[in-house]
Every structure is written in C-alpha cells, then in structure tokens.
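S.K.: Shown below is the structure under consideration.
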Amino acid sequence: MMVNEEAVFYSRVLTELTLSFHIIYATIGVGIPLMIMIAQWIGIKKNDYHYILLARRWARGYVITVAVGVVTGTAIGLQLSLLWPNFMELAGHIIALPLFMETFAFFFEAIFLGIYLYTWDRFENQKKHFMLLIPVAIGASFSAVFITIVNSFMNAPQGFDIKDGQLVNINPILAMFNPAVPTKVSHVLTSAFMTCAFVLASIAAYRLLRGSRHVYHKKALFLTMKIGLIFSIATAVIGDFSGKFLAEYQPEKLAAAEWHLETEGKAPLILYGILDNDEVKYAIKIPFALSILAHSSPTAEVIGLDQFPKDETPPLYIHYLFDAMVTIGMITVLVALIYWIGTVKKWSFILSKWFNWLILLLGPLSILAIEAGWWLDEVGRQPWILRGIMKTSHAATTSGQVDLMLLLFTGLYIVLGIGSIVVLIRMFRKNTIEQELADQGLEKAGEHL
Amino acid sequence: MTLEIIGISVLWIFLFGYVIVASIDFGAGFFNAYSTFRGKEHILTRIIQRYLSPVWEVTNVFLVFFFVGIVGFFPKAAFYYGTTLLVPVSIAIILLAVRGAYYAFTTYGKLRHKRYVYLYGLTGLFIPASLSIVLTISEGGFIRMEEWGPVLDYGMLFFSPLTWSIVLLSLTAVLYISAVFLTWYAHKAKDEAATNLMRLYALITAVPMILTAAGIIVEMRSHNIEHYERLIHLWWMFALSFLLFMGTFYLLWKKKSYGTALGLLIGQFSLAFFAYGISHYPYLLYPYLTLYDSFTNTAMATALIIAFIAGLGLLIPSLYLLLHLFLFNKEYVEGKRNDYV
C-alpha cells in the first residue's frame, strides 16, 4: 500500500482540529438537557418560578450550541470517510451498527428538541411540556453512548477474525460490546454532566461577581455545584476503573501516560516531572499508586513500555495530558466539596469574591480537562487507528488537497467559535434575570421560598 | 428480495426524504433572500421562518442518515467516494455550516443583518449544486484508477455538459419543490399575498425544471449509453411522472386545491427519483462498483436492518408529533402562537 505522508499528516491535523472543536459543543449538547430537566422539574415541584426561568434561559443558550454542534458533527461524520477512507471501509464491515444507531438517537433528539423549544407556553399542564424534554435528554445521552462505543472499538477491537487478509466471523454485537465500552461510555457521560454543571455554575458565579445579588443566581449556583460535585466524584471513580481497563487491554497506553518505563511490581504513580534520557526527573512519585490504579493491589506488577516495540508505543507527551486531566479533576471535586460543606455549615468565605472567582474557573477548566482527556485517548492509541489491526498512516486518504481543506475548515471553526460566543454574550448581557423578571412584572415570584 | 436490494432501497428512500425536505428548506432560504433583495420581505419572511425554524435540524439528519447508511451497507463505496470526494463534499459541509450558523446566530441568536440573509439564501443554491455533483460522478467517466487508488478528474468534471445539466436540474427542482410547498403552506396560513407570490414562483420555475430534466435523459445517451438504455426501459415511470407534473401545474394555474398539487408533486418526484435509482442498478459507481461487490457482510446487514426497523418504530410517531404540532396545527400555522423558549 502506498502512503502519502503529507496527506496522513494533514488528515491527522484536520481530524484533531475538528474533534477538538466539536467536542466542546458535543459535551454541552450531551450534558445540558439533563441540567434543564433537573431545573424545570424542581421548578414544577416547588412551584418556584426561578427554576422554571433557569430552565428557560439555559434552553435559550443551549439552542445556539446545539446548532453549531449539528454543523461540526456533520463535518466530522463526513470527514471520517473523506480523510480515513481505508479505515471506514474496514470499520463499516464491523462497527457500522452503533454508528447507524447514533443517527437514530440524534434524529430522535432533534425532533423533540424542535418541539420542546417551540411549545414553551402551549400546554396548560407544565408537566406535559417537561415530558418533551425526556426524549431530548435520552437522545442526547444515547448519541454519546453509541459514538463512544465506536471509539471504544478503535481501542479494543473484537468481534471478527482476519484470515489471509480477509475479514471473517464478523459479529457486530460482539464488536459493539467490546471491553472498553463500560469504562469509556460511563466516563464520557459523567464527565459531560460534570462539565455542563460547572459551566453553568461559572455563569452564575460570574453574575454574582458582577454585582447581582439576585437569589436566582444563588439558586442556580447551589443547584449546579451540587450536581457538579456528584458527577465530578463519579468521573474520578470511573477514571480509576479506566486505569484498570487500560492495564488489562491497552497496557502501552497506560505505561506511556504514566511514564512507566520498566515492567515492575509496587509501581509508583508519577505526576508531572520531565523526561531526561529515559530518566524521570522532578516528578511527584506516589508509592504503590500505579499498582493500585492498575490492579487494585499495591504489589501488583504493571507492564511497562519495555514490553513493546518502539514503533508501537504512543508519544510520551501524553503524560502531561494525563496530568492536566487528573489535576483538574481533583480541583473540581475539592472546590465543589468545600462549597457544599461550606453552604451547609454556613462558612462565610464561600460567599467571598475570591471563592466566586475559583468557581468561575471551574467551567473553563472542565472543558480543558475534556480536551486533555480526548487527546490522551486519541494520541495514546497511536500509532494505531484500530489498535493492533490498522495503523493510522495506512488509513488516511491519498488525496493531495487535504492541506487546503485544513485551511478552509480552520476558517470555518474560527467563524463559528467567535460567532457563538458573540451571540451568547449579546443574548444575555442586556437581558439579565432582573430585566427579564421586570419585563414580566414578576419581580417577587419565587421569593417566598 | 436480497439484502443488497433492501439496503439500497432503505437508503434511497431516505435520500428521497432528504431531497424533498431539504429542497423546501434550501428554496425557502433563497426566496427569503430574494424577496428581501426586492424589498418584499414583509410578504414572505414570517411564513418561511414559521415553517423552517422547528424542523431544520431534522432536515440535516436525513443527510447524515444517508451517508452513515452508505458506510454501513456499502463500505467499499465509502472508500471510493470518500477518497475522491474530499473537495466537493468539504465545500458542501462548509455551506451547510453557513446554514447552521444562520439558524444559530440569526434565528436563535437574533443577530440580524441583511448580509446574513443573502448568504443564507445563496447557500440554498450552492449546496444542491455541490451535492448533485455526486450523482454526476456516479455516472462514471470522471474517476480514473491510479496505483494508489481512485482519483477524480476535476477538469473533465468541470467541462462536462452533464455536470452542468445536473446542477441546473438540482437548482430548478429545489426552487420548484419549495415554491409549491410554500404556496400550500401560505394558503393554509391564510396569507393571501404570500400564496400568490409563491404560486407565481412555482409557475415560473416549473418549465425550466421539466426541460432540464428531459434534457438530462438525452445527454445520458452520449455519456453513459448503458444507463441511458435502462432509463428508456423505464419510460412508463417517467411518463407517469410527467402526467403528475401536468396535474400540479394545472392546479396551480387554476388556483385550486394546493394540497393535492403538493401531493402530485411528491408523486412526480418520487417516480422520477426511483426510476433513476432503479435504472442505475446495479452500479453505485460506473463502472467500478456495483451493489454486490461493495456490500457489507450478512451479519452486519441483518443487524442494520433490524436496527433500522426498530428505529423507524421510534421515529415515525415522533415525526408525526412534530408535523401534528407545527405543520397541521391551525393556530401555529396561522401565526397566532409562537411559544418559543
């Protein structure tokens, strides 16, 4: 097979770019419906108009991100075939089923989202309108589930055999339920819910920092921080399971991410540091922690990079991606936990300016962690596109125009990124909650609670 | 019926769905821009936005469904078309992105400027043009095989009369389908000014549409004789399609039963679309690729078909609800309700 080195390089860059951009909107798309649902449900149950308005305003912003997400999702969907035609031909035979099901899930979501948005005041019974949100949230989550199943397959392919270069014994169901699925799918879902909760918390914190003392923002902050705390803990716990999955099925990825060069027992977990001639320097070493992460036992042997040929291990910089992800994960759990305890115990510094600043950082940090996590996943699988079966360099297109397309799409994403930020700011800067309530003559609504 | 036939039928039906709903969407955007340009936006804009706003994402999914289905049922076709279509499809994605951005920023985000309306309207013409190129390429003669794989010959594609006829057909068909639909919709909304304007547009676009359609059949003779003979073999489907076209035209002319006119139009296009599809059999790409040699394995095909049936069980009631609430809801159509979030 002939490889066009340049096409491989640009295909990788374009895919990295599209995915890095899309994942922001996709994460928001998966997580926000659940947040809207919770707020609207509380609003109906407590008969508190503030929560209803919370749901309504979140939904208004959400549409913008969904519309952009639809665009970038279509782009990556097509780019898979345009940039990686050899891979998609192979994948089509084995893992097309969840890809196909994802379109159904998204179809379902799109239909009900359209209905939900345009029937806000149509029903006498608020619960009827709330019910329309359930298929939106289910569709959004299942889109993520199915797509993550495809990604899991790339990391732990199964459900087929290769005999004399031919695919035989194909079992689409077995391919779908590959060993990477449980940890990956749950990690993607919980981290999306966590990120969305913290992004919304950041917005509330921002409003409080800008001087609004409205109880609406306090309710929003308390609700989102609580949800964020739950899902950040869940994400961390599942992250631990992911470590065990990697140790079993993709030890080279774990070893590269942890800079675990030699196979050994009682392995320490390395955080930060630099690598100098295969020697780790200035790192924090947590004794036994890697053995525990990999096998739940402080003495267990963990396979190191020495067990793999040099050309079949990922680049070692993924260690820093791992560090970024884990550090941010720890920060979010900690800040959310302090906030929650502080609210219950009525610690005054929870309301202080600097703590609000800290909360404001959680949203952007969570998104950075999502990026780091996906880069870790994708770069950590290199040089394989389908681990052990097909190398990335053999999967790419041979077309000579990928560099030009890279320029086109870079321009597109810049416009979409700036556009969505500008529009979202415009939408809410003038129309503050105080303004909206005043417009409706409902300043006192919900205050009695 | 073989699995291959079931697979391609499913995809072709969905592609037809996309052609109809997307044509309405693309054409509406163009008419919206055109009437804004002529200073008549007060006549059309409200009616067009009322229909389009809740359904545009659904339109897009039809397309995604089609190409994901191709990867699933005919993975080798994904390889051939994926390798050769990088540039035209990337351009189509960018244009689709402009439309998505219009919805995001203008419809939902209230960022209003005439510039966006024009840009949005023009994409309604460029997208069908860029997507219809895929059909042209499928006729063969534009792709040559090099040792590293298939390569698209842009020069040949650009200078082929077939390319431009198909582009022209896609444009006129988009405008015609959209105009007939909007005539009916505006009539339902009891908006007489918009009804009359759309009816006029429908009558104006009808003639060039049917002429280019006929012209393509003639051109096919010199481009791909094998396909041409199969087309002629299905003459009765095209004849029937033409009769339905005359029916729509007559009803519009006489300002009678626009609903029936729309029904006949859908009949007309489905007949022509399926006649074209059937005559294309067994090739997905002349002369390299047939249904059979690009088909996936039996296990995957069976799984996909089961998933498809289950999915339809979920989608059809949901789509019914969507249409029930927006297309067939008197108060919504007449603009007495908005209820936007």
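None of the figures in this text is laboratory data; all of them are computed from the coordinates on show. What you see is a predicted model, and the numbers here were worked out from it, not measured in a lab. Here Cβ is always computed from backbone atoms with ideal geometry, including for glycine, and neighbour counts include all displayed protein chains.
S.K.: From the square roots a ≥ b ≥ c of the eigenvalues of the alpha-carbon gyration tensor of the protein assembly as shown, which class results: rounded (a/c under 1.5), prolate (a/b over b/c), or oblate?
M.R.: In terms of gyration-tensor shape, oblate.
S.K.: Subtract the Cα-Cα distance of residue A:241 and residue A:263 from 0.36 nm times their separation in residues, and report this length gain in nm to one decimal.
M.R.: Extra length from residue A:241 to residue A:263 when fully extended: 5.9 nm.
S.K.: Calculate the length of the line joining the C-alpha centroid of the stretch B:197-221 to that of the stretch B:256-299, in whole Å.
M.R.: Each part reduced to its Cα centre gives a spacing of 19 Å.
S.K.: Which of B:145, B:156, B:198 moves most in a GNM of chain B, Cα contacts under 10 Å?
M.R.: B:145
S.K.: For the stretch A:277-373, which trypsin sites (Lys or Arg not before Pro) are both in a DSSP coil and crowded by at most 14 other Cβ atoms within 10 Å?
M.R.: Qualifying residues, ordered by number: A:346.
S.K.: Using only the alpha-carbon atoms, what does the stretch A:1-112 span along each of its principal axes? Please give whole angstrom values in decreasing order.
M.R.: So the three principal-axis extents are 66, 26, 16 Å.
S.K.: From other protein chains only, count the Cβ atoms within 10 Å of every residue's Cβ in B:318-327, then give the mean.
M.R.: What the average comes to for B:318-327 is 4.
S.K.: Other chains' Cβ within 10 Å of B:138-148 residues: what's the mean?
M.R.: If you average over the peptide's residues, the count of other-chain Cβ atoms is 1.
S.K.: Oh, and also: Starting from the coordinates of the alpha-carbon atoms of chain A, obtain the Kirkwood hydrodynamic radius over all distinct pairs and give the value in Å to one decimal.
M.R.: So the Kirkwood estimate lands at 23.6 Å.
S.K.: In degrees between 0 and 90, to the nearest 10, how far off the longest principal axis of chain B does helix B:258-280 point, with axes built from Cα atoms?
M.R.: Around 10 degrees separate the two axes.
S.K.: With 18 Å as the limit, write out which pairs from B:190/B:256; A:46/A:345; A:218/A:346 have Cα-Cα distances beyond it, or answer none.
M.R.: A:46/A:345
S.K.: Give me a comma-separated list of calculated 3J(HN,Hα) values for the stretch A:368-385, in order, Karplus coefficients 6.51, -1.76, 1.60 applied at θ = phi - 60°, integers in Hz, x for any Gly or Pro.
M.R.: Using θ = phi - 60°, the values come out as 4, 5, 4, 4, 4, x, 5, 5, 4, 5, 6, 5, x, 8, 4, x, 8, 9 Hz.
S.K.: While we're here: Report the residue, chosen from A:228, A:380, A:342, that carries the largest GNM mean-square fluctuation when chain A is represented by alpha-carbon nodes joined by springs under 10 Å.
M.R.: A:342
S.K.: Per Stokes-Einstein, at 25 °C and 0.890 mPa s, what whole-number D in µm² s⁻¹ belongs to the stretch B:195-247, with the Kirkwood radius over Cα pairs as the hydrodynamic radius?
M.R.: Rounded to a whole number, D works out at 195 µm²/s.
S.K.: Additional query: Once phi is turned into ³J(HN,Hα) by the Karplus curve 6.51 cos²θ - 1.76 cosθ + 1.60 with θ = phi - 60°, what whole-Hz value does each residue of the stretch B:235-241 show in order, with x for glycine and proline?
M.R.: Result, rounded to whole Hz: 3, 5, 5, 5, 5, 4, 4.
S.K.: Could you tell me how many degrees, from 0 to 90 and to the nearest 10, lie between the Cα long axis of helix A:5-46 and the main elongation axis, the longest principal axis, of the Cα atoms of chain A?
M.R.: 30 degrees
S.K.: Among the lysines, select those whose C-alpha is under 25 Å from the C-alpha of residue A:253, and discard any that sit fewer than 8 residues away in the same chain.
M.R.: Once the sequence-local lysines are set aside, what remains near residue A:253 is A:184, A:244, A:266, A:281, A:285, A:310, A:391.
S.K.: Okay, moving on. Which trypsin sites (Lys or Arg not before Pro) does the stretch B:1-59 hold that lie in a coil by DSSP with at most 15 other beta carbons within 10 Å?
M.R.: Those that pass, being in a loop and sparsely packed, are B:38, B:40.
S.K.: Okay, moving on. Counting only helical runs of four or more DSSP H residues, what would the 222 nm mean residue ellipticity of the protein assembly as shown come to if each run contributes -39,500 (n - 2.57) and the total is spread over all its residues?
M.R.: Taking each H run of at least 4 residues, the total per residue is -25500 deg cm²/dmol.
S.K.: With θ set to phi - 60° and the Karplus curve 6.51 cos²θ - 1.76 cosθ + 1.60, what are the ³J(HN,Hα) couplings of the stretch A:49-62 in order, to the nearest whole Hz, using x for Gly and Pro?
M.R.: Karplus-based 3J(HN,Hα) across the stretch A:49-62 equals 5, 4, 5, 4, 5, 4, 4, 5, 5, 4, 4, 4, x, 4 Hz.
S.K.: Top mean-square fluctuation among A:341, A:238, A:23, Gaussian network model of chain A, C-alpha springs under 10 Å?
M.R.: Looking only at A:341, A:238, A:23, the largest GNM fluctuation is found for A:341.
S.K.: Quick one: which residues, 5 or more positions from residue A:264 or on another chain, have an amide H under 5 Å from its amide H? H modelled 1.01 Å from N in the peptide plane, none for Pro or chain starts.
M.R.: A:302, A:304
S.K.: Just tell me the longest site-free run in chain B, where the sites are GluC sites (Glu not before Pro) in a DSSP loop having at most 16 other beta-carbon atoms within 10 Å.
M.R.: It works out to B:148-333.
S.K.: Then there is this: Taking a quarter of the surface of the convex hull around the Cα atoms of the stretch B:233-341, what do you get in nm²?
M.R.: Computing the convex hull of the Cα atoms and averaging its projections yields 11.5 nm².
S.K.: Take every Cα-Cα distance within the stretch B:1-130, group them into 5 Å bins from 0 onward, and report for each bin the whole-number percent of pairs it holds.
M.R.: It works out to 2, 10, 17, 21, 17, 12, 9, 6, 4, 2, 0, in whole percents.
S.K.: Given the Cα atoms of the stretch A:367-449, and with Rh set as the inverse mean 1/r over their pairs in the Kirkwood sense, what is Rg to Rh to two decimals?
M.R.: Here Rg/Rh amounts to 1.30.
S.K.: Next up: Need the C-alpha centroid separation for the stretch A:84-98 versus the stretch B:34-84, integer Å.
M.R.: The stretch A:84-98 and the stretch B:34-84 have Cα centres spaced 24 Å from each other.
S.K.: Let me ask you something else. Based on the Cα atoms of the stretch B:79-230, what semi-axes does the equivalent ellipsoid have, where each is the square root of 5 times one gyration tensor eigenvalue, given in whole Å with the largest first?
M.R.: Result for the stretch B:79-230: semi-axes of 34, 23, 10 Å.
S.K.: Using only the Cα atoms of the stretch A:162-304, build the gyration tensor, take square roots of its eigenvalues as a ≥ b ≥ c, and label the shape rounded, prolate or oblate: rounded if a/c is under 1.5, else prolate if a/b is larger than b/c, else oblate.
M.R.: Oblate.
S.K.: Could you work out, residue by residue across B:299-305, how many beta carbons of other chains sit within 10 Å of that residue's beta carbon, and then give the average as an integer?
M.R.: Counting other chains' Cβ atoms within 10 Å and averaging over B:299-305 gives 6.
S.K.: Using the charge dipole of the protein assembly as shown (Lys, Arg: +1 at Cβ; Asp, Glu: -1 at Cβ; taken about the Cα centre), state which of A:4, A:342, A:300 has its Cα farthest towards the positive end.
M.R.: Going by the Cα projections, it comes out as A:342.
S.K.: On a C-alpha basis, how far is the centre of the stretch A:104-131 from the centre of the stretch A:297-374 in Å? Whole number, if you could?
M.R.: Centre-to-centre distance over Cα atoms comes out at 36 Å.
S.K.: For the stretch B:236-341, which chymotrypsin sites (Phe, Trp or Tyr not before Pro) are both in a DSSP coil and crowded by at most 12 other Cβ atoms within 10 Å?
M.R.: B:292, B:328
S.K.: Give, as a single signed number, the net charge of other residues whose beta carbon lies under 13 Å from the beta carbon of residue A:286, with Lys and Arg counted +1 and Asp and Glu -1.
M.R.: Within the 13 Å Cβ shell, the charges total 0.
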